[in-house]
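Reviewing the structure listed below.
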Amino acid sequence: MQIGKVMRGDGTAWSEACERAAGFWDRLRGLLRRNGLDPGAAMLIERCGAVHTVGMRFALDLVFVDKAWRVTRTFQNVKPGRVMVSGGWRAARVYEAEAGCLKVGEIKKGDVLKWQG
């Protein structure tokens, strides 16, 4: 997995530590079997328009983005056990963070959040 950061459209960092899951096995595993993430950390899952939280050990904040890195949808405090949370038909990838660790409430539909390695 690659480590990078997530930059907002205005050039400020949204997450200073973001793991990028691009390969099949990394995407399949995601955050399963983890007890949490460091404060301010996130995971970017590529080629992902919907997620589940079955088997998760902690609640998630989710930010779905399209191919142009524009936010399509956000969800806060998604509890473990959800079968599906969809980012909408344009969603191409998703940022996952431990609930409350990043300022997801400040992110709006149409904002740009681009991963930099």
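Taking amide H positions as modeled 1.01 Å from N, with prolines and chain starts lacking one, the residues under 5 Å from Asp111 and 5 or more places away or on another chain are Val71. Protein heavy-atom surface of the chain, 1.4 angstrom probe: 51% of the accessible area is carbon and sulfur, with nucleic acids and ligands not counted.
Backbone geometry of region 33-42 corresponds, through the Karplus equation with coefficients 6.51, -1.76 and 1.60 at θ = phi - 60°, to 3J(HN,Hα) couplings of 6, 9, 8, x, 10, 5, x, x, 9, 8 Hz, x marking Gly and Pro. Coupling constants for region 10-21 follow from the phi torsions by the Karplus curve (6.51 cos²θ - 1.76 cosθ + 1.60, θ = phi - 60°), and in residue order they are 8, x, 8, 7, 9, 9, 7, 9, 10, 7, 10, 9 Hz; glycine and proline get x.
Compute and list, largest first, the equivalent-ellipsoid semi-axes of region 52-117 from the alpha carbon gyration tensor, each √(5λ) rounded to a whole angstrom. Let's see the in-between values first.
On the way: eigenvalues 77, 35, 21 Å².
Largest first, region 52-117 gives 20, 13, 10 Å.
How big is the Rg/Rh ratio for the chain, C-alpha atoms only, Rh by Kirkwood, two decimals? We get a ratio of 0.91 for the chain.
Mean separation of Cα pairs under 8 Å and 6 or more residues apart, divided by the residue count, gives the chain a relative contact order of 31 percent.
The values are calculated or read from the model by the stated rules, or taken from the named source; none is laboratory data. Small disclaimer: the values here were computed from a predicted structure and weren't measured. Only protein heavy atoms, including side chains, enter the accessible area calculation; ligands, DNA and RNA are left aside. Shrake-Rupley method; radii C 1.70, N 1.55, O 1.52, S 1.80 Å.
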